[in-house]
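Reviewing the structure listed below.
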Amino acid sequence: MNGISAIGVGKSLGLAALLLLAACGSAKDDATGDPIDCRLADAPRFERICTIDRVDSPDGRVIVARGPDGGFRRLLIVKDGRGVIAADGAVPVTVRPSDEPGHIEVAAGEMVYRLPAKVAP
């Protein structure tokens, strides 16, 4: 019986260690990126609760916009006047100028991200 108990305890400790590593990874992921304003598509105002990371890819510079729930969108920066497009996935994004100078608003799914951008006059 002692051998069975030791194996059970060992498995429990191993599982606990894996859960702790997963939790550490999540906390680290949440802490990365530059803070930006965002809101749910039907919310009345923006809040600084999202982040962005910039990554170079073979197609060009990609912005990874992360929401407060951990969801994210990959946006490819384009130089044809549109600002950004969906870098992957079937859901297109909608881009419009923001009321905040030097920014654009990007609607992607249920989130709207306010991204810094050079807006042509």
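Brief remarks on what is shown
- The local environment of VAL106, defined by Cβ-Cβ distances under 10 Å, has a net charge of +2 under the rule Lys, Arg +1 and Asp, Glu -1.
- Each of PHE46, PHE72 has its accessible area taken with a 1.4 Å probe; listed largest first, they run PHE72, PHE46.
- Residues whose amide H comes within less than 5 Å of that of ASP37, counting only those at least five positions distant or on another chain, are ARG114 (H built at 1.01 Å from N in the peptide plane).
The values are calculated or read from the model by the stated rules, or taken from the named source; none is laboratory data. Worth saying up front: this structure is predicted, and the values here are computed from it rather than measured. Backbone-built Cβ (ideal geometry, glycine too); neighbour counts: all protein chains shown. Heavy atoms of the whole protein, side chains included, go into the accessibility calculation; ligands, DNA and RNA do not. Shrake-Rupley method; radii C 1.70, N 1.55, O 1.52, S 1.80 Å.
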